[in-house]
1. Among the residues of region 211-238, how many are aliphatic (A, V, I, L, M) and part of a loop (DSSP other than H, G, I, E, B)?
2. Kindly state which helices (runs of 4 or more DSSP H) lie completely within region 41-130 and contain at least 2 residues that are at pLDDT 90 or above.
3. Restricting to region 202-232, and then to whatever is in contact with a strand residue (DSSP E or B) (Cβ under 6 Å, 6 or more places away or on another chain) and more than 21 Å from GLU250 (Cβ to Cβ), can you tell me which residue is surrounded by the most Cβ atoms within 10 Å (Cβ to Cβ)?
4. List pairs: first in region 75-93 and on the phi > 0 side of the Ramachandran plot, second surrounded by 21 or more Cβ atoms within 10 Å (Cβ to Cβ), Cβ under 9 Å, 6+ apart or cross-chain?
5. Taking only region 246-278 into account, find how many residues are touching a strand residue (DSSP E or B) at 6+ places or on another chain (Cβ under 7 Å) and at pLDDT 95 or above.
6. What is the number of the single condition among (1) part of a helix (DSSP H, G or I); (2) modelled with pLDDT under 90; (3) surrounded by 14 or more Cβ atoms within 10 Å (Cβ to Cβ) that ASP153 does not meet?
7. Among the numbered criteria (1) in a loop (DSSP other than H, G, I, E, B); (2) modelled with pLDDT of 85 or more; (3) touching a Lys or Arg at 6+ places or on another chain (Cβ under 9 Å); (4) under 21 Å from GLY237 (Cβ atoms), which one does GLN352 miss?
8. Working only within region 269-318, note down all residues that are in contact with a Phe, Trp or Tyr (Cβ under 6 Å, 6 or more places away or on another chain) and not hydrophobic (A, V, I, L, M, F, W, C).
Amino acid sequence: MGFDEWMDLALYHPSLGFYSKGGQAGRRGKDFLTSPEVGPLFGAVLAQVIDSYWNELGQPDNFTVIEAGAGRGALAASVLRAKPACYDALRYVMVESSELLRDQQQETLKYVAPADNKILSLEKLPGCVSGMKVSAMKPTIPFGMVIANELLDNLPSRILEYTASGWKEVLVGLEKDGPNFASHGNMSFSECLASISSEEQELATSLIHDTAVGTRIPLQTQASAWICQACELVDQGKVIIFDYGATTAELAKRGSWLRTYAKHGKGNSPLTRLGEQDITCDVAFDQLPPPARLQTQAEFLQNWGIQSLTADAQKKCHSAKPTTEALIARSRLSEAAALCDPDTFGSYKVAQWHKQGAKNRA
């Protein structure tokens, strides 16, 4: 099978997959940390983004936000807890393939949006790749946004390797030869190379011109298709994704763009520990439809007022007495520093696609 098929099996198989078995973001006892799990500040900034676009559209009575790959609902809880001005018009749809994580959403949100029908939790939206389906939304939303935090890096990706005879695709098979051999339980897996079409050869060459034998790149057709389909969900709206990555050529040069994680530590070969570790692939942003805007997460948060949300905390944290308010203020400043850290979350990319009436923010 192709590596993308293997990745899909390892992450999303109903009984064997990492996310199906409860792998998730979070702190103690979880597997990795994402921006919404750092604290509520990320969601509070996003609430301001949602409000701004709602105002831009003329404050429609029905405004839908679809969060794809919503996990246990941490981001949704933070957005709703911030009480955006559009709250009465807002319908927040969480799309999550893992039944275990969907069950946890109820616990995460029970004190935030109690029984007001503001939250809709879905497994899929019919017709879209990797859990985004269209027809359930009738088939498009008049006004709204689609957001996804660290989703594209988990969409199954193909892998190409440059050889003396051109680009070939990396496949995964039940063979015991070659240097990239790995085992899982009673099964043993290894990589092999297969020919690709002339069109795919041309595509790979257009993405990276000068390369050496042995160079590998991701081929992220599913991520590109996901963006196209997400844009089709809203008649007037925006698609905003947060993720880590670079151009294809930059990824090839630096390497290490394919990684595994479990219990907040780096995992083993992606061919081992089936369903027991996350498999993540840096996003090759040049393979996606060209966004209206691409910036770092630090720039995005600063543009959308993270300083104003921490200004009061800045004053309170200097209190001579170790009051509860002072401790909360210090925690908020720590969140802001982590989210804008140029070596970690701050370096992540934020890409935006605008549909019809949407305008770029200056």
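1. So the count comes out to 3.
2. Because the criterion is at least 2 residues that are at pLDDT 90 or above, the helices (runs of 4 or more DSSP H) in region 41-130 that meet it are 41-56, 74-81.
3. For region 202-232, the residue satisfying everything is ALA230.
4. Qualifying pairs under 9 Å: LYS83/ALA47.
5. Narrowing region 246-278 to residues touching a strand residue (DSSP E or B) at 6+ places or on another chain (Cβ under 7 Å): 247-248, 251-252, 257-262, 264, 266-274, 276-278.
Remaining after also requiring at pLDDT 95 or above: 247-248, 251-252, 257-258.
Counting residues in region 246-278 that are touching a strand residue (DSSP E or B) at 6+ places or on another chain (Cβ under 7 Å) and at pLDDT 95 or above gives 6.
6. (2)
7. All conditions are met except number (1).
8. The answer is GLY275, ASP278, ASP282, PRO291, GLN297.
The values are calculated or read from the model by the stated rules, or taken from the named source; none is laboratory data. The shown structure was predicted, so the numbers you read here are calculated from the model rather than taken from an experiment. Reconstructed Cβ throughout: ideal geometry from the backbone, glycine too, with neighbour counts over all protein chains shown.
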